[in-house]
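Report on one structure; see the data block that follows.
The values are calculated or read from the model by the stated rules, or taken from the named source; none is laboratory data. For clarity, every value in this text was computed on a predicted model and none was experimentally measured. Note that we place each Cβ from the backbone using ideal geometry, even for glycine, and neighbour counts take in every protein chain shown.
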Amino acid sequence: MKLNTELWQGQSLKLNMTQQLTQAIELLQYSSQELNAYLENKALENPLLQLEPVSHEERKRSRENSGMGIDWIEEVAVPQSALWEHLISQFNLKTLTNEDRNILSLLVDSMDENGYLPSNVDSIFDEADFPRYIEMIHGLEPAGIGARNLKECLLLQIRRDPEAPEHAYAIIDEHFVDFCEKTWKKIANEKGISLADIQVTADYVKALNPRPGARFSVDPSHYIRPEMVVTANRDGLDVALLHGNVMKVLYNKGYESLISASEDEEGLKFLRDKRQEFQWILRMLDQRRSTLLKVGRSLVERQEDFFRFGPKRLKPLTLREVAETIGVHESTISRAVRGKYIGTPFGTFEMKALFVSGVGKDEDSSSSERVKAEIMSLVNKEDKQKPLSDQAIAVMLKEHGMSVSRRTVAKYRDQLNIPSSTRRKRYE
């Protein structure tokens, strides 16, 4: 009987340790927001665990201690109904019948987040004077709102602009497909204008807004708060965790006193279990902070040029290299950087973006991100009347010690949203 009891206790202890190990792994891979949600759930289960939001002053102090005087939240926050309210408010300035207001409100309701109406809106609203309502919608601000396609959106903006190029409206209205596909010689021949005239229109159209309603919409992932920030000073680079991201964990002494005064054995056992859980959570939070800081310092050491000079100086780096530096398994590094961001002098980046594979077989092999940066640089500096082909870019990259094929250049160019040399060609 004694043997069975000891066996049961041993299995129970082993199971408890396995559960704690699983939770420790979860804590490491949680982002700050996920960690706060985890702690809130634990606080509901454990009366000894109290949570306190970090005050504005403490958050400010954390930023200052990290060397950053700015709030490291990249956000664009606008009420979700902002577009609807903006458009409806313009109707309030007009003298309209109730029927007019109802139909116009329905039209506004049917717009997507970019301010476009459905392409089949004419069939949805079977009204004899429907064109009049569409014209009223098209007269709203911003210009281009209520379009049914990109072509109409551009035409609405051109029509309103007294300084639009002479041929802009006719080119978009009559030759939109040829214009987009850059078969400009056909347009020039049919319109009796020069390629330079079409280039003027192209430059103008680039400045128009293809999504006039987008600035009123909300991106559901519009908050990005980094776990840590890296700053440069005269002595080198500093890395610091932003402690203001995670709520403060406090011990509820009042509850402990209440239970301790009781002689209820079951209550005392509950107290011991919850006290043990509280202490374990504190240890795991400390371990999480320690691991993240070690990862951050290793990244700073191995990607120093990136933090000093920007993304084009990113080097090849693997999870294993960082893992070996700080003495953990590479899966630990993978969990540590999952869904987390790091603030740098050049903006906020996903931590996993600092791990990049090497490209090419040269001794000076370079990361794919560096190759992309170099492609971008070469395209920016090229003669726009004689743009570089993918093969020419590949040759120039090789001269810089980056051995990549023409097909790889084309792939990276597409990823960078850089058009082909034919589409980049300018006519003066």
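Taking region 338-357 as the search range and keeping residues that are within 13 Å of Phe307 (Cα to Cα) and of a type in the set (Phe, Trp, Tyr), which one is surrounded by the most Cβ atoms within 10 Å (Cβ to Cβ)? Among those that are within 13 Å of Phe307 (Cα to Cα) and of a type in the set (Phe, Trp, Tyr), it is Phe349. Return a yes/no flag: does region 65-74 have any residue that is among the charged types (D, E, K, R) and either under 18 Å from Arg288 (Cβ atoms) or at pLDDT 50 or above (or both). For region 65-74, residues among the charged types (D, E, K, R) and either under 18 Å from Arg288 (Cβ atoms) or at pLDDT 50 or above (or both): absent. In the set (1) modelled with pLDDT of 85 or more; (2) of a type in the set (Gly, Ala, Ser); (3) under 27 Å from Val177 (Cα atoms); (4) surrounded by fewer than 17 Cβ atoms within 10 Å (Cβ to Cβ), the condition left unmet by Ser89 is number (3). Residues considered: Ala43, Ala37. Of these, the only one that is surrounded by 14 or more Cβ atoms within 10 Å (Cβ to Cβ), farther than 21 Å from Gly139 by Cα and either modelled with pLDDT of 65 or more or out of contact with any strand residue (DSSP E or B) (no Cβ under 7 Å at 6 or more places or on another chain) (or both) is Ala43. Across region 354-409, the qualifying residues are those that are among the polar types (S, T, N, Q), in contact with a Lys or Arg (Cβ under 7 Å, 6 or more places away or on another chain) and within 27 Å of Leu319 (Cα to Cα), and the one among them that is modelled with the lowest pLDDT is Ser367. Among the residues making up region 138-178, those that are among the β-branched types (Val, Ile, Thr) and either under 13 Å from Ile198 (Cα atoms) or not assigned by TED's automatic domain parsing to the domain that holds Ser89 (or both) are Ile171, Ile172.
When Lys274 is tested against (1) surrounded by 17 or more Cβ atoms within 10 Å (Cβ to Cβ); (2) modelled with pLDDT of 90 or more, just one condition goes unmet, and that condition is (2). Exactly one residue out of Ser331, Ser403 is outside the structural domain of Ala232 (by TED's automatic domain parsing), of a type outside the set (D, E, K, R) and not in a strand (DSSP E or B), and it is Ser403.
The residue that is nearest to Ser194 (Cα to Cα), among those in region 412-428 that are of a type in the set (D, E, K, R) and surrounded by 14 or more Cβ atoms within 10 Å (Cβ to Cβ), is Arg426. Kindly indicate whether Ile158 is β-branched (Val, Ile, Thr) and within 23 Å of Asn120 (Cα to Cα). Against the criterion (β-branched (Val, Ile, Thr) and within 23 Å of Asn120 (Cα to Cα)), Ile158 does not qualify. Quick check: is even one residue across region 180-191 touching an Asp or Glu at 6+ places or on another chain (Cβ under 6 Å) and either without any contact (Cβ under 8 Å) to a residue 60 or more places away in the chain or outside any helix (DSSP H, G or I) (or both)? The answer is yes, given that some residue of region 180-191 is touching an Asp or Glu at 6+ places or on another chain (Cβ under 6 Å) and either without any contact (Cβ under 8 Å) to a residue 60 or more places away in the chain or outside any helix (DSSP H, G or I) (or both). For region 308-325, the count of residues that are surrounded by fewer than 18 Cβ atoms within 10 Å (Cβ to Cβ) and among the aromatic types (Phe, Trp, Tyr) is nonzero. Does Ile145 count as in contact with a His (Cβ under 8 Å, 6 or more places away or on another chain) and either at negative phi or not β-branched (Val, Ile, Thr) (or both)? For Ile145, the condition - in contact with a His (Cβ under 8 Å, 6 or more places away or on another chain) and either at negative phi or not β-branched (Val, Ile, Thr) (or both) - is met.
For region 287-308, check the following and say yes or no: at least one residue is of a type in the set (Val, Ile, Thr), in contact with a Gly (Cβ under 8 Å, 6 or more places away or on another chain) and over 26 Å from Asn41 (Cβ atoms). Looking through region 287-308, none of the residues is of a type in the set (Val, Ile, Thr), in contact with a Gly (Cβ under 8 Å, 6 or more places away or on another chain) and over 26 Å from Asn41 (Cβ atoms). The set of residues in region 95-119 being touching a residue at least 40 places away in the same chain (Cβ under 8 Å) and not hydrophobic (A, V, I, L, M, F, W, C) consists of Asp112, Glu113, Asn114, Gly115, Tyr116.
Just one of the listed residues (Glu301, Glu266, Glu256) is farther than 17 Å from Ala353 by Cα and either loosely packed, with under 15 Cβ neighbours inside 10 Å or not assigned by TED's automatic domain parsing to the domain that holds Asn41 (or both), and it is Glu266.
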